[in-house]
Every structure is written in structure tokens, then in C-alpha cells.
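Report on the structure given below.
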Amino acid sequence: MNIFPPKGGNHVHALELTQGFLNAGHQVCVLDDPTAPGARNFSSGDSGAIRAFIEAIDVLYVRIDARFLSDWPQAIDCMSLADDIPVVWEINSPANETLAYSWLGGRQAGETESPIRIARRWVHANRKKFGIFREELLRKSLARKVSAAICVSSALGRYAEHGLGIRNAVVMPNGGPLIAEEDIQARRSMRKDNAFTVFYSGSAIYPWQGMDLMSGAITLARELAPDIRFVLAVNQRTESLPSGPNVEIREHLDRQGIIDAVCASDACVALHPDYPWSPYGFHNSPMKLFEYMACMVPVVTSNRAQMAELIAHRQNGLLCSDAPEDILAQLLWLRDHGEEASRIGRQGWQDIQTRFSWPHNVDRTLSVFKASLGADVAYA
């Protein structure tokens, strides 16, 4: 990945960790990423570069996500050469995440699909299953050399242990930035009016981002709560984006622009559908959830998977079903209970400060590295 400037959650994750390792006094070597600030880049196009990369490092850290390792020969080469150093995998997805396009792509919440369309989804998914099966066999074979896996959710912890046979699986959710209260208040002061504002950030083209769930709530709010303004920050416009007098679309906000918009909002939403085709269910660790909480803004999120594990309803956030009526009901509760909403937002911010920040994740990751190297450091 070319991680700088960050264009998505995967870039933010890699950037925060590498900068944290550097700030802790370590050296960082990367393969095929000349953009990583402060890191030493090795280009796999140069003769002998991969061997030189392996010889320069003490721990090989490999990101495992929906992209197939079979399409990434450089990673396989690194694994084959890493005989004398520990290998740690950062597991963000099983290979079956690619089926999200088959089963969720183009779907609208609450719609009843025709048998023909369901059959097309089945055909689309089955065309991918052999490749997924072959990829999982490759991952399981390579996993024999893995000292530890850092898994961004408990679902992926189960995948690492039972699917890949990795004994040391450490669950470490994504993190959020440490933002001082004074900074949040300064950003909040830039609000233009007092209209109750709900913020959504994500890509409209990725079916796991829950845009269809959001659209249903927005449509319902036009009639039941026309005073609520919905601000949607997206990378591109699509036909599925909702529109109307209660919707404002903002395109191509950078990371600071996103944080400014969150701080200027009254509530944020992180809605994610289930993955019924997967034995691990919804396995992601939604980075937006942590960024919203870091800005001291109450979040409404789906009552499933990691969100339900980390959020206690009306304590550090609100949980909802996929029904538009329920999503809107939680937003209306926040609108009508200002003091409680402020308390919830503050508790979410406090959780980031103490448990779910990127610096915290850097420390825990370094502990895993040290343990893999045989140092006298226990898993945090």
C-alpha cells in the first residue's frame, strides 16, 4: 500500500502503527511503499531487494486482508526467506470477504429481491468459492511459520485459531486518535448553526459500509424528523446516495476535514450489515466507530459483532437494529436528551483515551513483537 497521504482505513492503520514504531525509537522497513514517512523502502523490482529487506529486519509484520496472498508473490517470497526471524500477521479479513460484493452489492435495506436476482447472486458467489478455498489453503500452509497473529476483532481471533491454526492470536481492535478536549471544543465552535446534525463517513460503493441502512433512516426522517440534517462524507457520488432537503453530500474530505465535520456534529452513525455467508459473521473492526468516539460525539452503531462487544447501550454509545425505524429512533433519542447525549459522547471519548487509542495499539503491538523475539514480555 502507498499509505501516505492516507486514502482509507487500511492506510490510516498502517500509517499510525509505523509512525508509532518510529516514535518509540525503532526502525521501520517497508516493501514497495516509497510514501511511508520515515521508513526505509525496499523496491521488490530491484534484484536482491527482498533478501536485503529480510536481512534488515528483526520481525516480519504482514497485513492479511481480503486481498489474496496468491496475488502477492512478494509476500510469499518474504515468508519463505523468514527462517531466522519471527513472523507476525495482522489479520484484518478472511478470504471470503470478497463475497460481500456477491451478497450485498446493490442491495437495499428492506427490499424483497426477485428469485432471478437471488440466483444471479448465487452464481456470482459460486464463481469465487474455488479461489477462496485455494487462498485459505495457502494461508493455512504459510501460517505454520507465524509466531503470533494480531486480530482486529474477536471474530478474526477465531478465524486465526480455528481457520488458520495459529496458536497465539491476540485480539486488538482498531484505534482512534488522541484528541484533546480543548481541540474538540475549538473545532466544534466552527459550527454554522444549531440544526441537529448527523454525520456519516464511508464509501458508497462498498456494500459493508451500510449506506443502504443509512438511506432508509434518512428517507423516514424526511417525514418524521425534517429538522435533522444528515451530512454524508463520501469519496464519490453514486446513484445509491440519498438526496433531498435534509441531506448534504461532502466529497473527498481529508482526514482532518473528517475530524472537523465529526466534531461539528451532534451524532454519528456506524452501520454495518451481517455477513451470513461467513462462519465468522461480521468480522470487521469499523475504524469510523473509534474516530467518532475520539471526537466526543455520541455514536449510533449496529447491535452486532465488535460493535456490540465494545458499546454498552446508552453508556458509551447507542446500539440499533438494521430497521430504519430503530436507527431513527436512536437519533431522535439523542436529539431529545441533550445532557445524556453529551455524557455518552464523553464516555466514548474516555474509552479512546484509556483503551482504544493508536498509541495504546502501538504499545500492545510492540509487546507482541518482543514476545515473539523471546523477550520477557507477556501478551497485553
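Here are a few things to note about the model shown:
- The residues packed around HIS252, meaning those with a beta-carbon under 13 Å from its beta-carbon, carry a net charge of +2 if Lys and Arg are +1 and Asp and Glu are -1.
- Model label zone, ASP77; criterion: amide N under 19 Å from point 7 Å along Cα-to-beta-carbon; scope segment 22-39: 29-35
- The Rg/Rh ratio of segment 247-331, with both radii computed over alpha carbons and Rh defined as the Kirkwood radius, is 0.98.
- Charge context of TRP72, other residues only, Cβ under 11 angstrom, K/R +1, D/E -1: -3
- Added length on full extension, which subtracts the Cα-Cα distance from 0.36 nm per residue, THR35 to PHE68: 9.6 nm
- If you take all other residues with their beta carbon under 10 Å from the beta carbon of ASN41, and give Lys and Arg +1 and Asp and Glu -1, the sum is -1.
- Spatially proximal lysines relative to LYS129 (Cα-Cα < 20 Å; intrachain offsets below 8 disregarded): LYS140
- Here segment 158-194 and segment 335-378 have alpha carbon centers that stand 7 Å from each other.
- Largest to smallest principal axis extent of the C-alpha atoms in the chain, angstrom: 63, 55, 35
- Over all pairs of different C-alpha atoms in segment 44-111, the reciprocal of the mean inverse distance, the Kirkwood hydrodynamic radius, equals 14.3 Å.
- Distance histogram in 5 Å bins (all Cα pairs of segment 1-134, percent per bin): 2, 9, 15, 18, 16, 12, 9, 7, 6, 4, 2, 0
- Scanning the chain for long hydrophobic helices, with DSSP H runs required to stretch 30 angstrom or more by C-alpha along their axis and to average at least -1.0 on the Kyte-Doolittle scale, returns 115-142.
- Pairwise label distance in nanometres, GLU239 with THR219, each label 7 Å out on the Cα-Cβ vector: 1.5
- Within the accessible surface of the chain, defined with a 1.4 Å probe on protein heavy atoms only, the carbon and sulfur portion equals 51 percent.
- Summarising the overall dimensions of segment 66-204 from its C-alpha atoms, the Rg and Dmax are 21.0, 60 angstrom.
- Cα centroid separation, segment 229-270 to segment 42-85: 38 Å.
- Ligands, DNA and RNA are left out, and with a 1.4 angstrom probe the accessible area of the chain is 46 Å² per residue.
- Accessible area of GLU161 in the full protein assembly, 1.4 Å probe (Å², nearest 10): 80
- Placing dummy labels 7 Å off each Cα toward the beta-carbon, the span from ALA56 to GLU182 is 4.0 nm.
- Against the rule of thumb 2.2 N^0.38 Å, how large the Cα Rg of segment 178-307 comes out: 1.05
The values are calculated or read from the model by the stated rules, or taken from the named source; none is laboratory data. If you're wondering where the values come from, they're calculated on a predicted model, not measured in any experiment. In this analysis, Cβ positions are derived from the backbone assuming ideal geometry, glycine residues included, and neighbour counts consider all displayed protein chains. Ligands, DNA and RNA are stripped out before the accessible areas are found, and what is left, the full protein with its side chains, is counted by its heavy atoms. Shrake-Rupley method; radii C 1.70, N 1.55, O 1.52, S 1.80 Å.
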